[in-house]
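Written out below as structure tokens is the structure these notes cover.
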Amino acid sequence: MSFVDEFSRSVDDGLKLAKRIYTSSKDQRPTAAPPRQPSPMERSTESFLPTAPMVYAVISDPGIVDNPDIPSYQPYVYGRCDPPALIPLQMKEVELEMECVLDTVFVTMRGRWWIHCVTRSRSCECRIVVPMGEQGSILGVEVEVGKVSFGTEVVDLADERINHSKSEGGGFVKPQMFYLPVPEANGGSDIFATIKWSQKLLYDDEGQFTVHIPFNFPTYANAPSKIFVKREKIKLTLNAGIGKEVLLRGTSHALKEKAHQGEKMIFVYDEAVENWPTKDFNFSYCLHSADVFGGLLLQSPSVHDYDQRDMFCLFLLPGNNKKRKVFKREVVFLIDTSGSMQRKPIESVKHAVFASLLELTDHDFFNIVSFSDDVCSFSTCLVPATEEMVESANQWMGTNLVTKGGTNISRPLNEVMESLANTKGSIPHIFLITDGSVEDERAICANIRTQITNTKSISPRISTFGIGLFCNHYFLRMLASIGRGHYDAAYDPDSIETRMKAWIRRASRTTLANLTIDAFNNLDDSEFEVYPQNIPDISAGCITCMFGRYKGKLPTSVKAKGCLADLSAIELDLKVEHVKDMQLEKVFAKQHIDFLTAQAWIYENKQLENKITKLSIQNSIPSEYTRMIMARKNSVEVDTTKAKKQGLNKRTDPNERLPIIIHGLAIGFGNIIATQENTPTGFSELKPPEALEVMFTKAAGCCSSAADCCCCMCLIRGCSRINDQCFIVFTQLCTALACLGCVECCSAVCCNNGDS
């Protein structure tokens, strides 16, 4: 069972268990009504995944479930829940604050939840779950329960707290859905949480930016209105920083403009509501421009910045000029068909490639190349993207894209590069799709760099797409940077097709290519740093942003030169502006860390690794060389005072003070062994060897552990699914086994039958 299925099942069990809770003796309505049960044709797992930040009570002992204020005197429930049930907590307050800067939105959500489902004499662990938007990145969580507070921080791998931390911690339920455990809290108490994350703004072909925040709360998150007065607060700060007129397009909530300070606009929403919002937050706007435009933003470093070089940000937007032509396309899809791509991954790739071929015109050309141990091509040369040829390619993919063999990227990539070396009048695109790692990745990057340098015409653009966790995403990112292409990835099998379509669309609709900026040539190379190193092409519906550091002086006006689709030259005037109320380093910190990590990997540079560590800790963004932990902030002071009063050793409960490591925030550098063994594509963290040993130990004693797992709920559920004759047979079997002294084995049989 996947983590998503287990989570959804636990929430389902928790909602059923919450039926035991009553608001008062007069009003016998349950405080948490379960949602409509999905039909067999619906995806039941998705119906229980949160669509807004939520907090759940983790219930292992169902006997503690009750109204903390007015006991309902329900019959005692024996046994334990395994896995623990998750009861969604009721929310008392919520405040959403957002700041939009260039292509990024920083989100801060503050909430207060009430542990309404646990009696006051007992306690339980809780779990915070945060669904995020596009390319969401968690920045920090602060939690306060009673007089105790917890908070996250990013630390170096050498930090001794990592070695003494609890192995079980937070991570991801699924991509873009972060969770974090909260140590035990007493029933009836309040949980105050402040959650911070960043995500990318959505940008479409019409030049429209959209802020999309998951903010759809289920009905069972509402506390009775007679007890709490609900107030919904939203604040949005818009700082486009580009010097263009901002046109508002639409919003999901009735925001009111509170202030307009220069290029910064502030909108607020503060209303009393009967129920928490049941729709996501959306806010759309665009920047008025009929054609491609851009600018260069400069900023001095802060006093606390370890790098005291000045910062710059180069941004280019395609605008909404419908007359701007797209380069004629020559597209080659390079598809990994090794044994690990079986089932869902390869089928999703086929559908995405076929959908992308349908978007080509009759003047475009394409080819499809599959690779594993051998190389197989749809055609010996590029073919026109006519309707008949596209349908023929679809049939060829259905017959020839068969998953088998190993992974060999170098040979097919070199062959395709050589075939596109002398292309004229168009931009050739290579789309590499893989789920594995290979040993010669550094050699591949060096070879491609040499080929592109020696290309006299427009060099082929290389875009890369990684599937799962076994491929080296930093290799793919570096290869795309060298090839002036686009990189993307899918860490969830259900998102492969959608993300691939968007990735191909972004990369293949180039309107302006071969960009150069002469002003950078006058800077000292030893003090100049820019990411990505090569300026990407401008594509329709895609923002181009670059970030860097420099020493020296840049001119007051900068020109960008490039090539249009008709191969004519174009020159853009970029406005240079010094900004103070915009933290450029904060906006590009995640991108900066990812590119530096790719460089540190390819050059095996320890100095870059140290630089990444400092940058990661400074911006509270985890990296491959740091970890995010959650630690108790005031545990030492509280424990010391308690020890003095009670005359106890302050280390009576050492586990209470251990920090918790948050897993899944580092993706690693691929898994060559799993690739060579054709292990099916990995979409979740691999279990460490010690975890496998624990699993084996538990399996060896399954009979004894099954008796503990068979609680009353499991027994009732199992008995309800068998008919009378089957029940009689099992009764007789249990009696016979009891006579032989095998009560534990009998319990295991009954429990297993109930689960099936």
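General remarks:
- Area accessible to solvent at SER72, 1.4 Å probe radius, in Å²: 30 Å²
- Restraint check, LYS92/LYS633; LYS16/LYS147; LYS196/LYS633; LYS244/LYS501; LYS580/LYS611, Cα-Cα greater than 28 Å: LYS16/LYS147; LYS244/LYS501
- Table column - 3J(HN,Hα) (Hz), the range 72-80, Karplus curve with 6.51, -1.76, 1.60, x for Gly and Pro: 8, 6, 6, x, 5, 9, 8, x, 9
- Relative to its Kirkwood radius, the Cα radius of gyration of the range 415-478 gives an Rg/Rh of 1.00.
- For the range 445-562, the solvent-accessible area of protein heavy atoms averages 35 Å² per residue (probe radius 1.4 Å; ligands and nucleic acids excluded).
- Above-threshold pairs, the threshold being 31 Å between Cα atoms, out of LYS235/LYS559; LYS325/LYS575; LYS456/LYS559: LYS235/LYS559
- The convex hull around the C-alpha trace of the range 186-323, projected and averaged over every direction, spans 12.7 square nanometres.
- Ratio of Rg to Rh over the range 274-343 (Cα coordinates, Kirkwood Rh, two decimals): 1.19
- Annotation: amide H-H contacts under 5 Å for GLY670 (H modelled 1.01 Å from N, sequence separation of 5 or more, or interchain): HIS473.
- The simple spin-label model puts a point 7 Å past each Cα toward its Cβ; for ASN422 and LYS19 those points are separated by 7.6 nm.
- Distance between the range 457-529 and the range 581-615 - C-alpha centres, whole angstrom: 17 Å
- The range 365-440 shape via C-alpha gyration tensor axes, a/c threshold 1.5: oblate
- Prolate is the label for the range 506-641, because the ratio a/c of its alpha-carbon gyration tensor axes (a ≥ b ≥ c) is 1.5 or higher and a/b is greater than b/c.
- Accessible area of the range 100-231 belonging to carbon and sulfur atoms, whole % at 1.4 Å probe: 46 percent
The values are calculated or read from the model by the stated rules, or taken from the named source; none is laboratory data. Since the model is a prediction, treat every value here as computed from it, not as a measurement. With ideal geometry, Cβ positions are generated from the backbone for all residues, glycine too; neighbour counts draw on all protein chains shown. Please note that ligands, DNA and RNA were not included when accessible areas were found on the heavy atoms of the full protein model with its side chains. Shrake-Rupley method; radii C 1.70, N 1.55, O 1.52, S 1.80 Å.
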